[in-house]
Amino acid sequence: KNHDEYGPDSKMTICRFVSLTNDLLVKVLMSRKNEVDSILEELEGDTSLSNELSDHGAKIDYSHLKGGIERQTTEVLCQTVALGWSRCDPTIATDAAHKNQAILDMLEDICSRRARVNDMLHLSGRKKEVSFQLKDVMSPNTKLYNHVLNSWSRSLDPDAEMHLKGLLDRMGDEESRGTLFPRPDTISYNNLLNLYARRGKVDAAEALLLEMEEEVRGVTPDVYSYSIVMNAFQRRFTSGGPNERSRKDPERAEEILSNLVTKYEKSGFRSAKLRPSNVTFGTVVAMYAQADRILKEDDRINNMTRNWKAKMTQNANHKDKLGWGAANAERVLDWIIGLNERERKSKKIGSTDGGEGGAQTFGGFDPENDLIRPSAIHFMTVMDAWAKAGKGVEGAQRSERLLNRLLSMYDKLGYIELRPAPLVFGTVIDAWAKADDRPESAEHAESLLDRMVDLFLHKKSRNKREMISNIAYNLVIDAWSRRSGKWSAKGDGTTDTAERAENILRRLVSNYHMTNNSLLRPDVISYTGVMKAYVHHPNGGKKVLELLSEMNDEYRGGNAKARPDMKCIAVAMDACVKSGATSEAERLLNNMDDSKKNCLMFNTIISGYAQEGRVAEAEAVLQRMISLSEDGGWERCAPDTISYTLCLKACGKSTSPERVPRARAILDECIRRYQSGKNKSKPSNVIFNDFADIISNSDEPDKVTDVLALFEKMESTGEEPSLISFNILIKTCANETTESDERKRNALQIAASAFNSLPSVGLNADSITYTGMMHVLLNLMNDSPEKVNAISGIFRQCCDEGYLNQHILNVLTSATSEDDLITVTGVSSKEEAYTLGRLPPDWSRNSSRDLMVNAE
């Protein structure tokens, strides 16, 4: 039975059923054993009979204990219970293998005793009746042993391998086996292969398979033997870490598959025992399909150097190149198709007339069951590999070509395995949706949706996988939402990508009402995708509120899957904030239950008020977060560093004369919370820099001293000043507006000290630093040769470091005379000094590119 039919506790229930039957069986076996022991004790009391049995024991035939069974026997009951234990979840029935072994041991013992009783009665000519017939206790056959072996192969017992091997050796030992122990068969050894595969002993599994191929153990492998070892390679390759898996695992699995296929071809495509199944081929296809993602992640983790990577590339046949796995997966798919063609020719099977005629019979041969066949799953796996290979549009094109090939083959061969399903189209649609950021790719994804709708919209089936659903529509909506804010050529005009996403939603709703197909009903993913498309739209706030209202109507109308979830509300809030409707976003947040709110949602609201410069509202939201976390116990709502940083940005955009004191209070509150043990509120140098910038742009009389004091406060919280911190300090000094020569000298000294200390703290000046120092020297020094020399020194250092840009030249040309400008720059004419493009390019090699472009 399918465990899922019994509900969430089904595995436990199954184990209980098996345990009950095991208890009943043990009672039966004990009854048989006690009765045989009673007779045996009586017969062994006759010394002459025992001696005669010893003299003739070697000649006695035990074959009468084997043979057909015409009714339910004890041995069959043992098989039934053993099968049950072998199917139990080993994490629940941890002693299943031991109990199975105990049943086998008891039956073997009873058979041995029953045979001895029978021989003693035969030699004595006596008759001794027992309550059960001789056939009722048959010696265990291979099937029962295999059930026990299977239990050991699945067991979590650390000694399971020892027990399994011991039982196999007992079956395979000619001297000890006698006639009571059956010979091991291929299934017996497949159980050992399974144990190796489950425990990650890939090399041991491969070695055992080789022994079976060479018939060292008297058995030959079948398709399951090869599949088990291939699965072992797959499990190691997909589940192991970078240092556990081998990059050759897919190739090794393919070699094993190739050996199997070769044997099958040598049998004239007739040996069912060796015929690879779709699952067998699918293992190798899946390994290659996942290789690009897995190996890329391994490279990231290993943080490979260029030399090491170059060496690995050479040794691994360029496996680290994008699409290596997808290309090999497609090559294996071509191999399957080629094998199918050769097998059809070998068995003289032609093509069908299309459709679903693949179940025709040709001369007693049933192609439905007896052919290597490519399947839609094989195609879809390769399509998905190309879609996720990182090849962009090329990957999407390769994926679509495979889709067209699948449709063509299905029309030609009619195999039911090749029947395309909507999910296949969904794979290609997803490939185009994520191919790049161009609207044209979304157009292509939508055209594929049109093709899928034509094929499947009106198709009726009991199999949900063959019915069109909202999944493909959601993928196209996602394609348009990924390109939100862009415009797409459509006919004679242009169409907003957000509107295109909503149009797909409207088509989905229309087709649902047309077909009454419940799978086509829009869900929360459909609506959230459209909302994401409207996040950067000018009317985004209004549109998402309309969509939310529609979702609530759908939910009240019985569409449970359309109920807005937290992600949906978060996207709606983001769209409202970005369109200037922060108050509406806060209303959405207020309507939520406190238990579902989190810090990110509150930060979204604060960011909106910060953009609008509404300090009071931003602070009110921050205080709500503190209240909910401290008074309400909702720690998820506690403010973090970003919360305080956003509030400071709100102060920075404000024109209120109170913005500096309010910003200082926010920073002090952040530090206080951190020092009280709230690590989420740990101040970063960003929050200090934001406050420093607010002070720098204010009319505070002692702003240079205030900014400098922040350095000490920053260090007290464990943060190191960044280059931005020093640049703000230098800018603040440059903007010192005072008539006091002493204050100017003090500001000049602080700026110079900050500039000169950069190397000692591991920082290097950039274009902004040098621009600030130019302003410091120009604003704070009196006109004199010393001022020109100081500016020349800073200018020369700036050029040596390659940070000269047009802005610095503009600052110099607007504040110095032509003669001083020529002196400072060291060029021969003022025309050269005015334009960056005429100066040596090495002077501006590290400048930001945007300023370079403007200069040119």
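The values are calculated or read from the model by the stated rules, or taken from the named source; none is laboratory data. What you see is a predicted model, and the numbers here were worked out from it, not measured in a lab. Note that we place each Cβ from the backbone using ideal geometry, even for glycine, and neighbour counts take in every protein chain shown. Surface accessibility is based on the protein's heavy atoms, side chains included, excluding ligands, DNA and RNA. Shrake-Rupley method; radii C 1.70, N 1.55, O 1.52, S 1.80 Å.
Within region 734-748, the only residue that satisfies the criterion of being touching a Lys or Arg at 6+ places or on another chain (Cβ under 7 Å) and over 19 Å from Val811 (Cβ atoms) is Thr738. In the condition set (1) within 30 Å of Lys542 (Cβ to Cβ); (2) open to solvent by 60 Å² or more (accessible area, probe 1.4 Å); (3) not in a helix (DSSP H, G or I), Pro639 is compliant with all but (2). Restricting the search to helices (runs of 4 or more DSSP H) fully inside region 790-836 and requiring at least 2 residues that are in contact with a Leu (Cβ under 6 Å, 6 or more places away or on another chain) gives 806-815. From the list Ile694, Ile666, Ile687, the one residue that fits, being closer than 28 Å to Ile626 by Cβ and in contact with a Lys or Arg (Cβ under 7 Å, 6 or more places away or on another chain), is Ile694. Listed by first and then second residue, the pairs with beta-carbon distance under 6 Å, at least 6 apart or on different chains, first residue in region 179-202 and within 22 Å of Arg245 (Cα to Cα) and at pLDDT 90 or above, second of a type in the set (Lys, Arg) and not in a loop (DSSP other than H, G, I, E, B), are Val202/Arg236. Taking residues in region 25-41 that are surrounded by 15 or more Cβ atoms within 10 Å (Cβ to Cβ) and at pLDDT 85 or above, and partners anywhere that are assigned to a helix (DSSP H, G or I) and aliphatic (A, V, I, L, M), the pairs with Cβ atoms closer than 6 Å and at least 6 places apart or on different chains are Leu25/Leu77; Leu25/Val81; Leu29/Met106. Among residues of region 712-731 that are within 21 Å of Asn746 (Cβ to Cβ) and among the small types (Gly, Ala, Ser), those with a Cβ under 9 angstrom from a residue that is open to solvent by 20 Å² or more (accessible area, probe 1.4 Å) and outside any loop (DSSP other than H, G, I, E, B), sequence gap 6+ or separate chain, pair up as Ser725/Asn685; Ser725/Phe711.
The one condition from (1) within 17 Å of Gly392 (Cβ to Cβ); (2) at pLDDT 95 or above that Phe425 does not meet is (1).
Filter region 252-278 down to the residues that are more than 20 Å from Leu208 (Cβ to Cβ) and in a loop (DSSP other than H, G, I, E, B) and list them by number. Answer for region 252-278, where residues must be more than 20 Å from Leu208 (Cβ to Cβ) and in a loop (DSSP other than H, G, I, E, B): Ser267, Gly268, Phe269, Arg270, Ser271, Arg275, Ser277. Among the residues making up region 199-251, those that are outside any loop (DSSP other than H, G, I, E, B), among the small types (Gly, Ala, Ser) and surrounded by fewer than 16 Cβ atoms within 10 Å (Cβ to Cβ) are Ala207, Ser239. Would you confirm, using the coordinates I've provided, whether Asp842 is touching a Gly at 6+ places or on another chain (Cβ under 9 Å) and modelled with pLDDT of 85 or more? Yes: the conditions hold for Asp842. Is it true that some residue in region 719-727 is under 24 Å from Pro657 (Cβ atoms), modelled with pLDDT of 90 or more and crowded, with 16+ Cβ neighbours inside 10 Å? Checked region 719-727: no residue is under 24 Å from Pro657 (Cβ atoms), modelled with pLDDT of 90 or more and crowded, with 16+ Cβ neighbours inside 10 Å. Any idea which residue in region 551-586 is most open to solvent (accessible area, probe 1.4 Å), counting only those that are more than 28 Å from the chain's Cα centre (by Cα) and farther than 30 Å from Arg614 by Cβ? Per the criteria, the residue is Arg556. Sub-9 Å Cβ pairs linking a first residue in region 210-239 that is on the phi > 0 side of the Ramachandran plot to a second residue that is open to solvent by 50 Å² or more (accessible area, probe 1.4 Å), at least 6 apart or interchain, are Gly218/Arg183, ordered by first then second residue. Once region 738-747 is narrowed to residues that are in contact with an Asp or Glu (Cβ under 9 Å, 6 or more places away or on another chain) and free of Cβ contacts under 8 Å to residues at least 40 places away in the same chain, the residue that is surrounded by the fewest Cβ atoms within 10 Å (Cβ to Cβ) is Arg743.
Residues that are part of a loop (DSSP other than H, G, I, E, B), among the aliphatic types (A, V, I, L, M) and surrounded by fewer than 21 Cβ atoms within 10 Å (Cβ to Cβ) within region 763-781 comprise Leu763, Met781, listed in sequence order. Contact annotation: residue pairs with Cβ atoms under 9 Å, 6 or more positions apart or on different chains, pairing a residue in region 73-89 that is over 17 Å from Asp105 (Cβ atoms) and open to solvent by 10 Å² or more (accessible area, probe 1.4 Å) with a partner that is at pLDDT below 95 and not in a helix (DSSP H, G or I), are Val76/Ile69; Val76/Met138.
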